[in-house]
Amino acid sequence: MNATGADHDHPTDASALLVHADFVRQLARGLLSDPAGVDDVVQETWMAALTHPPRDASPPRGWLATVLKNRVRERHRRSTNRARREEASAVPEGVPSTAEIGAPGRRCSRRSP
């Protein structure tokens, strides 16, 4: 095993995967519009590649694309679930909106001192 925990006898090493760095980044840009999200997904893809490299000696491009697409799906799922949880736990405001306050037919009364 090397410093990343990957096996030296493994047919795919880090340098063979890094040859595809531009491909991975371009694919991420095509799937996500948020530059920070692109960076996150690319980094997660490389972490997966280093900790759990492909098992066979086939070209790694397809494997990297699958890993990246799975990371994008997981990111979308987490975001959707978070939004649902936040919406479900939101407490309605007790203050009337500005539209309600300034609505026609509604009178504001002032008390005289």
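The values are calculated or read from the model by the stated rules, or taken from the named source; none is laboratory data. All values derive from a computational prediction rather than experimental measurement. Positions of Cβ are backbone-derived with ideal geometry, glycine not excepted, and every protein chain shown enters the neighbour counts.
A Cβ distance below 8 Å, combined with a sequence gap of six or more or placement on separate chains, defines the contacts here; from the stretch 40-56, residues that are at pLDDT below 90 reach residues that are among the charged types (D, E, K, R) in the pairs PRO53/ASP13. Out of everything in the stretch 1-35 that is among the small types (Gly, Ala, Ser) and modelled with pLDDT of 95 or more, what residue ends up being farthest from LYS69 (Cα to Cα)? Here the answer is ALA21.
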